[in-house]
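Taking it in order: structure first as structure tokens, then the write-up.
The values are calculated or read from the model by the stated rules, or taken from the named source; none is laboratory data. None of the values given here were measured: they were computed from a predicted structure. Note: ideal-geometry Cβ built from the backbone for every residue, glycine included; neighbour counts use all protein chains shown. With ligands, DNA and RNA removed, areas are computed over all heavy atoms of the protein, side chains included. Shrake-Rupley method; radii C 1.70, N 1.55, O 1.52, S 1.80 Å.
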Amino acid sequence: MPHDTCGCCGGLIHRPAASGRRAVLAGGALLASLVLRPGPAQAADPVPKTDLTPDAALRLLKSGNDQFRTEAPFRSVQGRERRVELARGQAPFCVLVGCSDSRVPPELLFGRGLGELFIVRNAGNTVDTTALGSIEYGVGVLGCPLIVVLGHEACGAVAAAVDVVQRNATFPGVIGEMIQPIIPAVLAARRPSGEVDLNDAVVANAKRVATRLKTQSPVVQQQLREGRLKIVAARYDLDDGDVDWFEEA
């Protein structure tokens, strides 16, 4: 085999013959064409979307929370067999917009398992561009028939927004910017005396986000018009584990 001498150590460096080099180059070109060739990208193989109606999906969440709250035995969908199944693709039945708070884990408090909830979490359960894109993906691509916006008792992000309104508080870094979208809900929850109850603000924030989702996204609006989607605001109580639902009549 042809070789060169290494300039650093004087050892021999084998180099492929001309035909070998051509084969390497051809293989590289083929790989590049496969990688760069345009076409639909898939995170996993397509799988059938859920056939649950919006109301049926909501009933599943409600029954799961009842089991969690009463500590009734239940078996969530998980384990190796489920992991292997989900490696082929996902078909969740609910987009859940929740808070990052460590005390509010959606799968646990709704008794759900792997692959059932498409979760968007940030402090204060607000919806920015990234969150909205994630919601649209869950609804438009994955076919989720339900969106739940879940606030919770003693939410720190909402409490910070209340402090801004009532005490003109400031916060380090970008925390102040993060809670800006919550302030309109705090103002709406303000009582005639000027005081704001934190729980009222939490509920107002969840309802406001749910209402805005109905007008912010053409993807969401289309699913709503066709009756294939429901959006519900809710509030989780840390002490008793109960979820209060705020559904439109």
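Summary of values
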read-out	value
Computed lengthening from residue 51 to residue 170, 0.36 nm per intervening residue step minus Cα-Cα distance	38.1 nm
10 Å-binned pair-distance histogram of the range 55-99 (Cα, whole percent)	20, 42, 36, 2
Accessible carbon and sulfur surface of the range 110-234 relative to its total accessible area, %, 1.4 Å	52 percent
Intensity falloff of the range 141-226 expressed as log10 I(q)/I(0), Debye formula with alpha-carbon point scatterers, at q = 0.18 Å⁻¹	-0.79
Electrostatic dipole magnitude of the range 120-249 [Cβ: Lys, Arg +1; Asp, Glu -1; Cα centre; debye, to 20]	540 debye
Protein-only accessible surface order, largest first, of 175, 182 at 1.4 Å	175, 182
Förster radius 25 Å - calculated FRET efficiency between residue 214 and residue 122 (Cβ-Cβ, nearest 0.05)	0.80
Added length on full extension, which subtracts the Cα-Cα distance from 0.36 nm per residue, residue 88 to residue 226	46.8 nm
Most to least accessible of 86, 108 (protein chains only, probe 1.4 Å)	108, 86
Cα shape, the range 154-204, gyration tensor, a/c 1.5 rule	prolate
Computed over the range 90-243: relative contact order in percent, which uses C-alpha pairs under 8 Å that are six or more apart	27 percent
Distance from the range 134-188 to the range 208-249 (C-alpha centre basis), Å	14 Å
Range of Cα positions in the range 91-249 per principal axis (Å), largest first	45, 36, 33
Exposure of residue 137 as accessible area (Å², to 10), given a probe of 1.4 Å and all protein chains	90 Å²
Calculated on alpha-carbon atoms, Rg and Dmax of the range 109-149 in Å	10.7, 29
Residues whose placed amide H lies under 5 Å from that of residue 149, excluding near-sequence neighbours	97, 232, 233, 234
